[in-house]
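Submitted below is the structure of interest, expressed as structure tokens.
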Amino acid sequence: MDPAWSIAAIILLGGFTAGGNAIARDLSPIYEETFDIAAGGASLTRATRYGVALANPALLPVSGSFHRWLGSEFALHINKESVDYAKTLLPGSSSGASDSGDSSAFVDHVFQNPFLAGTQTSLAYLNAYGGIGFFSRFEVDLEAEEYGPAGMPAVILNGKSYSGGTLSGAAKIPFTPFSLGVTGKYLMLAEPGATIDVADPNAVAQYQDPAALSALVTPSTGTGFDIGALMFLQGPRVDWRLALKVDDVGGTRLNGGDAIDDFKQVTSIGAAMTLHTGKDALHVSVDKRDLQNAYGTPPFKATRAGVKLTLRGYAGIAAGWYDGYPSAGAELDLIFLQIGVATYRREITGAPGVNPRNVYVMNMAAGF
């Protein structure tokens, strides 16, 4: 079988449901808003829209109004190399890739550069006392090796398929600057991973039958909850925030499916200072994730820091330190439509320091 068509079949069929060993767990969140990524992911003291429910539900009562968010959101994640390749497909491109007429151009791209693409969607309603939300996240990371484990060309595929629902509740403690929040969550997770020798007909054949593919990966399911606390000291020009968050209290056990690792309990803290006027604000924050080092994450990667500058309530720019690398982005709020972009760098899960992905994010939210 022609290797070009073999890789194409794996991408179109196996890329969504390929079986294999589960990916090692790290501190990557199951859902995160684009503007929070741009600000280094330091979201324990300030988070965006539905991201509050999973970042720190204790933030819900401190928005200054009863209603927080009602709407839906879509985000696209794609790595820089794939964007560069997509440009070659545009009419008039000098590369000629668009005239190839087959998958050979993409095969060449995969053997030279990694391919990462993913989507994230949510639908939620949040107010000062709680809320409900649903989310879905899907991602494929694909790269090729000229010589795989069997000495043949090989495709290495890792995927993430996360979906679920959340139910949050929160309240201020009377006569104190403290608020408490809890988010219960139901999760359906799959993390397929496979290494396929594309020149081996038997290895490729198992990915060419959609009916067989559907049985290779069954999502694991589980229920768990997170709790958060926030101290909010508000001044006429300067605010201070201190946050404590415990993710997956007691551990979240995942059942069935392909034996995805359970979520361990993680304790994190955050601190922030906000300089503000009537309409403008500069929020500087630092989070230290996983204090007990449950996942063995190096300190420089478990520390997240960032700056969010919001102007007149309609525009924002952000920059930060995300997963050990710089991040940046911007957002425009058009009342009922929010548009955002971000760029950050992410390492392949379980392979720190090896071939990181430069990722672009584009999101659009409709709601208020």
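Since every read-out is calculated from the coordinates, none of them should be taken as a lab result. Just so we're clear, the structure is a prediction, and the values are computed from it rather than from any experiment. Every residue, glycine as well, gets a Cβ built from its backbone with ideal geometry; the counts of neighbours run over all protein chains shown.
Which order do the peptides 302-310, 247-255 come out in when sorted by mean C-beta neighbours inside 10 angstrom, highest first?
302-310, 247-255
Separate question: Note the full-extension length gain between GLN292 and SER28 as 0.36 nm times their separation in residues minus their Cα-Cα distance, in nm to one decimal.
Gain on extension, GLN292 to SER28, equals 93.4 nm.
With r as the distance between the Cβ atoms of GLN112 and PHE66 and R0 = 56 Å, compute the FRET efficiency 1/(1 + (r/R0)^6) and round to 0.05.
0.55
Under a crude label model (7 Å from the Cα following the beta-carbon direction), how far is VAL341 from TYR186 in nanometres?
3.9 nm
How high is the FRET efficiency from TYR125 to PHE300, r the C-beta distance, R0 45 Å, rounded to 0.05?
Given R0 = 45 Å and the Cβ-Cβ separation, E is 0.75.
Next question, about the same structure. Can you tell me which lysines have their Cα less than 24 Å from the Cα of LYS301? Leave out same-chain residues fewer than eight positions away.
Straight-line reach from LYS301, under 24 Å: LYS80, LYS160, LYS245, LYS264, LYS288.
While we're on this one: Report the full-extension gain for the segment THR267 to MET364: residue separation times 0.36 nm, less the Cα-Cα distance, to one decimal in nm.
Extra length available between THR267 and MET364 comes to 31.8 nm.
Now, a different point. Would you mind getting me the FRET efficiency between THR176 and LYS279? Use the beta-carbon distance for r and R0 = 35 Å, nearest 0.05.
0.80
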